[in-house]
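Asker: Starting off with a structure, shown below.
Each value in this text was obtained by applying a stated rule to the coordinates, not by laboratory testing. Worth saying up front: this structure is predicted, and the values here are computed from it rather than measured.
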Amino acid sequence: MSNPANEPCACHSGRMSKRCCGPILAGQPAPSPEALMRSRYAAYATSAVGHIIATTHPSSAQEMADLVAWRAEIARFCAGARFVSLTIHDAGEDGTQGWVNFTAELRVNGATRLMSEHSIFYRVGERWLYHSAQR
């Protein structure tokens, strides 16, 4: 599933994809941890598995050496969930490390799940990468 450029962005920002997560999903560096987090949410919502993998820090506990298994695990999660809403509570960065506090509402097997997280991001060169979460 994709998020067409002239449709509302899958991150629920209210902006069109082409002015929100679309360019980041297409490979542009995210300008901030919040933009990367939104693009990762949009990637999960649209099954853009490659973006999730490409934006995960290599020292993250979520990184898997077996790329085939990692892709399959992410794809299963994407297929089994509907991404209903995203609320950003707080976000910031100090140049090399950033954070985003958010709550996401998902529907999994017909049940509503709220996921609140404090995500940590690191800048590597010109790119922000997801590192870890505290729930």
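Asker: Please compute the contact order of the chain in relative form: average sequence separation of alpha-carbon pairs under 8 Å and at least six residues apart, divided by the residue count, as a percent. Provide the component values of the computation, followed by the final result.
Answerer: Details: 253 pairs, mean separation 29.0, N = 135.
RCO, the chain: 21 percent.
Asker: Write down the radius of gyration of the chain and its Dmax, each obtained from C-alpha positions, in Å.
Answerer: Considering the chain through its Cα atoms, Rg and Dmax are 13.9, 41 Å.
Asker: Something else: Report the gain in length on full extension from residue 76 to residue 64: 0.36 nm times residue separation, minus Cα-Cα distance, nm rounded to one decimal. List each step's numbers first, then the result.
Answerer: Numbers: separation 12, 0.36 × 12 = 4.32 nm, distance 1.52 nm.
Difference between extended and current length: 2.8 nm.
Asker: Roughly speaking, what is the stretch gain from residue 126 to residue 107, that is 0.36 nm per residue apart minus the C-alpha to C-alpha distance, in nm to one decimal?
Answerer: Values: separation 19, 0.36 × 19 = 6.84 nm, distance 3.43 nm.
Gain in length upon complete extension: 3.4 nm.
Asker: Okay, moving on. Determine the relative contact order of the stretch 11-86: mean sequence separation of Cα pairs under 8 Å and six or more apart, normalised by residue count, in whole percent. Present the calculation step by step, with values, prior to reporting the outcome.
Answerer: Values: 53 pairs, mean separation 23.8, N = 76.
Taking the mean separation of contacting Cα pairs over the length of the stretch 11-86, I get 31 percent.
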